[in-house]
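Before any comments, here is the structure.
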Amino acid sequence: MIIHVVQPGETIYDIAADYNVSVTRLIEENGIINPENLVVGQTAVIAYPNSVYIAQEGDTLDTIAGAFGVTRMQLLRNNPFLSDRNNIYQGETIIISYETQGSVSINGYAYPFIDRNILRKTLPFLTYLTIFNFRTVTGGEIVGSDDTEIIQIAKDYGVAPLMSLSTLTYQGKSDVEAVNSILYDEEALEYHINNILSILRERGYYGLNISLVNLEQQNRLAYENFMTKLSSRIKAEGYVLFITITPRVILTSNEISFETVDYTVLGQVADFLQILSYGWGSSVGPPSATTPAFVTNTLLENAVTMIPPEKLYSGISVIGYNFESPYIIGISRANALTTDAAIELALLTGSTILFEERSQAPYYEYYTTSAGTQVRHTVWFSDARTIDSLVKFIPQFGIQGTGIWNIMNYFDQMWLVINSQYSINKVLPEH
């Protein structure tokens, strides 16, 4: 796999010729929206298959899969353009396999209202699907919407659905009072665990992914008590337990750091422990990458001293942000945008995309005028280089995999980078 960075004056035709690939394939695999107007600094991924097949008249996914001894899902991973098609056309090039190095587990997050076409296109790349739905409220009650359809679709694609539980709203607001009403009240704690089990049984989940967004030294022992009891109860019924930790962020005017907490006990009671920082529709943090590589490296260096690496997942947030300067702590807010939107905005503003090596993230600046005052904008987002650097931590540290926040938009380059280099672990049968 090669990640090409667009240079001044380069066209899509130049890049295709340089790497001996078709223009159509380059555009399709990378999801390039404006192929005739590339942005300097934009990336293009070139992945060379290990085996391909030229479709014949009457071929279907099932007949090709059977002929090559692969699963239908593998063909959908390697040829995502087929996700919404019933027919394969004579003469089409179908990728059978890539020469992968090692395997990874992928836990993707989605809201219940995810576009079903995006969901079906993404599911072949996933081991687990965490459905971000259920929220703990005061006294141990749980609220959430109907997610039975998305659970069944996940199972149809051989993906294990996980019940997500936190005190977070869809907008990222956390209810500390609800947390404390359970942590320090044994009766409420037991009631809450019973509610969790009831939902797991009724909805047909594979397991639970519970987020601890308020974990700190002061409440660590209370959380350990809760997780120990929860683990015992749900494992007795055959469910898997993920514990997702969101490190407590410490903000200054130009620096991001994280409070270190001992995860040893949590790592012992959980099947898997995931370190993930969520991203929302807006950000109050200082201008920076959402998942800086140097921070992930530091967090994993610390985590593997407490938790067996094979139990660990590192998180990737693929949400970008458009920050305005000057940045004022507690007041300034940045609006979220996807990678495609960030590239579109760079094209619109005539910006050149730069790259910050320490964070392994692309960014650019542009200016607008508001009430006669010039406003500087800094856009940070993720591209193929970001994903490649973060996924490489999996073999580097020997950890289990990564959690993707979130899969609500299809990120072509991310899946091409992962799929062309790694095979995807599965815990459910894949057809």
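The values are calculated or read from the model by the stated rules, or taken from the named source; none is laboratory data. Note that the structure is predicted; figures quoted are calculated from it, not measured. A quick note on method: Cβ atoms are made from the backbone with ideal geometry, for glycine too, and the neighbour counts reach across all protein chains shown. With ligands, DNA and RNA removed, areas are computed over all heavy atoms of the protein, side chains included. Shrake-Rupley method; radii C 1.70, N 1.55, O 1.52, S 1.80 Å.
Which order do Y278, Y53 take by accessible area at a 1.4 Å probe, largest first?
These residues rank, largest area first, as Y53, Y278.
For T305 and E202 in one chain, what is 0.36 nm times their gap in residues minus the Cα-Cα distance, to one decimal in nm?
Full extension from T305 to E202 adds 33.3 nm.
Run the paramagnetic zone check for K235: 7 angstrom along Cα to Cβ, then residues of segment 182-209 with backbone nitrogen under 18 Å.
193-194, 197, 206-209
Would you compute the Debye intensity of segment 60-132 from its alpha-carbon atoms alone, equal scatterers and no solvent, and pass along log10 I(q)/I(0) at q = 0.15, 0.20 Å⁻¹ to two decimals?
Computed log10 I(q)/I(0) values: -0.58, -0.94.
Give, rounded to the nearest 20 debye, the magnitude of the charge dipole that the chain has about its Cα centre when Lys and Arg contribute +1 at Cβ and Asp and Glu contribute -1 at Cβ.
In total the dipole reaches around 400 debye.
How far, in nm, would the chain grow between T11 and Y53 when pulled straight, counting 0.36 nm per residue and subtracting the alpha carbon separation?
That works out to 12.3 nm of additional length.
Just need the Rg to Rh number for segment 232-355, please, alpha carbons only, Kirkwood Rh.
1.06
As a check on your grasp of the helix formula, calculate [θ] at 222 nm for the chain: sum -39500 (n - 2.57) over DSSP H runs of n ≥ 4, divide by the residue count, round to the nearest 500.
-9000 deg cm²/dmol
Label R333 and Y184 with points 7 Å out from Cα along Cα→Cβ: what is the distance between them in nm?
Reported label-point gap for R333 and Y184 is 3.1 nm.
Go through K173/K426; K121/K235; K392/K426 and tell me which ones have a Cα-Cα distance over 26 Å in this structure.
Exceeds cut-off: K173/K426; K121/K235.
Two-decimal Rg/Rh of segment 1-105 from alpha-carbon positions, Kirkwood Rh?
Expressed as Rg/Rh, it is 1.01.
Considering only protein heavy atoms and a 1.4 Å probe, what is the carbon-and-sulfur percentage of the accessible area of segment 256-398?
Solvent-exposed carbon and sulfur of segment 256-398 make up 54 percent of the total.
Quick one: ranking Y363, Y128 by accessible area, 1.4 Å probe, largest first, what do you get?
Largest accessible area first, the list is Y363, Y128.
Roughly how many Å² of D62 are accessible to a 1.4 Å probe, to the nearest 10?
100 Å²
Tell me, what is the per residue accessible area of the chain in Å², probe radius 1.4 Å?
I get 42 Å² per residue for this part.
Jot down the radius of gyration and Dmax of segment 95-214, Cα atoms only, both in angstrom.
That works out to 16.3, 56 Å for Rg and Dmax.
Starting from 0.36 nm per residue, how many nanometres of slack lie between N425 and S103 once their C-alpha separation is accounted for?
115.3 nm
R0 = 22 Å: FRET efficiency of S145 with I33, Cβ-based, nearest 0.05?
Calculated transfer efficiency: 0.10.
How do M414, M1, M306 rank by accessible surface area computed with a 1.4 Å probe, from largest to smallest?
M1, M306, M414
Eigenvalues of the Cα gyration tensor times 5, then square-rooted: what semi-axes does that give for the chain, in whole angstrom, largest first?
Square roots of five times the eigenvalues give 36, 30, 18 Å.
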